[in-house]
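Taking it in order: structure first as structure tokens, then the write-up.
The values are calculated or read from the model by the stated rules, or taken from the named source; none is laboratory data. Everything quoted here is computed from the prediction, not taken from an experiment. Every residue, glycine among them, receives a Cβ derived from its backbone with ideal geometry; neighbour counts consider all protein chains shown. Keep in mind that these areas ignore ligands, DNA and RNA; they rest on the heavy atoms of the full protein, side chains included. Shrake-Rupley method; radii C 1.70, N 1.55, O 1.52, S 1.80 Å.
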Amino acid sequence: MQPKIIIHGGAGSTVESKGGYEPVRKSLFAVLETVYPMLLDGAKAIDAVVKACQMLEDDPRFNAGTGSVLQSDGQVRMSASIMDGDRQSFSGVINTARVKNPIDLAKHLQTSDDRVLSDYGSAELTRELGIPIYNPLTDERLAEWVEERKTNFTRKMADVAMGTIGVVVLDQYGSICAGTSTGGRGFERIGRVSDSATPAGNYATKFAGVSCTGVGEDILDEGFATRVVVRVTDGMTLQQAVEKSINEAKSRDRDFGAICLDATGAIAWGKTCPVLFAAYHDGEKMQDTLSL
């Protein structure tokens with residue numbers, strides 16, 4: 001099987017919100033240039049997903065890990081999940097804090113009896129694993145929060161709130177895995193749960209995998225990732241499943257995007273917003289969706 005990978009760094013109204021085409025493309029392609037050779041060397045899908053997510057979480061351009069937006073109380077709380085399509089096993093953390101790579105916690109929980117942990121549980125897991133305390137806050141995100149506080153958080157979300165990151169991989173063994181990580185919407189009520197650590201925003205089976213980004217509530221309302229995978233399972237092509245699901249979402253004025261892979265190696269993506277910050281390696285070359 002020819003390995004395939006597609007990644008995203010969010011969705012939004014303009015590429016300028018991320019600094020323009022070239023900086024975004026450079027960040028996304030750097031991940032593909034590191035992870036795709038791993039797949040060619042025999043890496044499993046889940047390990048490739050974790051590595052790609054780590055790199056995206058470490059890039060302050062995106063709203064996940066370092067560079068995550070602040071909630072209304074000025075704290076960073078992050079969520080992440082991973083789903084192994086072979087085992088059809090979902091795991092994740094919700095509103096975790098003081099950790100560099102939330103995806104690492106999600107990966108560890110793949111072999112746990114308790115596979116989705118909230119803030120207190122994920123904090124305890126971080127201590128148990130001996131993971132160093134880390135502050136993901138950047139000066140830019142702090143300044144953004146301070147400015148918004150002046151108007152008592154009248155905006156519904158931060159300008160970079162759609163910088164959620166995600167990865168879907170098909171490895172040479174035919175296995176599919178999906179991972180998603182986010183810093184949240186920005187300025188939200190304490191305790192708000194996004195789609196990123198739910199099957200609505202991150203889902204994979206042996207048939208297909210999907211990672212979503214955008215307004216979490218809209219993704220939850222659509223059950224989008226699961227919906228696409230179920231339609232592929234029931235016989236639709238990946239492209240048909242994505243187009244139908246996106247058209248349904250557009251009819252309800254949703255605001256999000258998604259990246260997808262299936263067991264045949266087909267790659268697809270969809271969006272209800274102007275721009276999806278995504279890139280992929282189709283086995284021959286790297287491409288992006290920035291101008292599409």
Handout entry: Where the chain is the region considered: accessible area per residue in Å², 1.4 Å probe
Key = 40
Practice task
Name the residues whose placed amide hydrogens come within less than 5 Å of the amide hydrogen of residue 85, ignoring near sequence neighbours (fewer than 5 apart) on the same chain.
Solution key: 176, 177, 178
Exercise for the section: Pull up all non-local amide H partners of residue 188: gap of 5 or more, or a different chain, and H-to-H distance under 5 Å with H placed in the peptide plane. Expected result: 72
Problem - Per-residue HN-Hα couplings for region 234-248 [Karplus 6.51, -1.76, 1.60; θ = phi - 60°; Hz; x = Gly/Pro] - result: 7, x, 6, 6, 4, 5, 4, 5, 5, 4, 4, 5, 5, 4, 4
Handout entry: lysines whose Cα lies under 26 Å from that of residue 206, excluding same-chain neighbours fewer than 8 positions away
Key = 4, 44, 51, 107, 244, 271, 285
Practice task
Evaluate the relative contact order of region 154-292 (contact order divided by residue number), counting alpha-carbon pairs under 8 angstrom at least 6 apart; express in whole percent.
Solution key: 20
Exercise for the section: Pull up all non-local amide H partners of residue 116: gap of 5 or more, or a different chain, and H-to-H distance under 5 Å with H placed in the peptide plane. Expected result: 92
Practice task
Using a 1.4 angstrom probe on heavy atoms only, work out the carbon and sulfur share of the accessible area of region 159-220 in %.
Solution key: 53
Practice task
Apply the Karplus parameterisation 6.51 cos²θ - 1.76 cosθ + 1.60, with θ equal to phi minus 60°, to every residue of region 176-190 and state each ³J(HN,Hα) to the nearest whole Hz, in sequence, with x for glycine and proline.
Solution key: 10, 9, 10, x, 9, 9, 8, x, x, 7, x, 6, 6, 4, 4
Completion exercise
So for R0 = 22 Å, FRET eff. of residue 282-residue 58 from the Cβ-Cβ r, to 0.05, ends up at 0.30
Problem - Filtered trypsin sites (Lys or Arg not before Pro), region 48-88: DSSP coil and at most 16 other beta carbons within 10 Å - result: 87
Exercise for the section: Calculate what fraction, in whole %, of the accessible area of region 46-140 sits on carbon and sulfur atoms when a 1.4 Å probe is rolled over the protein chains. Expected result: 44
Practice task
Output ³J(HN,Hα) for region 57-64: one whole-Hz value per residue in order, computed from phi by the Karplus curve 6.51 cos²θ - 1.76 cosθ + 1.60 with θ = phi - 60°, and x for Gly and Pro.
Solution key: 5, 7, 8, x, 5, 10, 8, 6
Handout entry: Charged-residue dipole, Cβ positions (Lys, Arg, Asp, Glu), the chain about Cα centre, Debye nearest 20
Key = 240
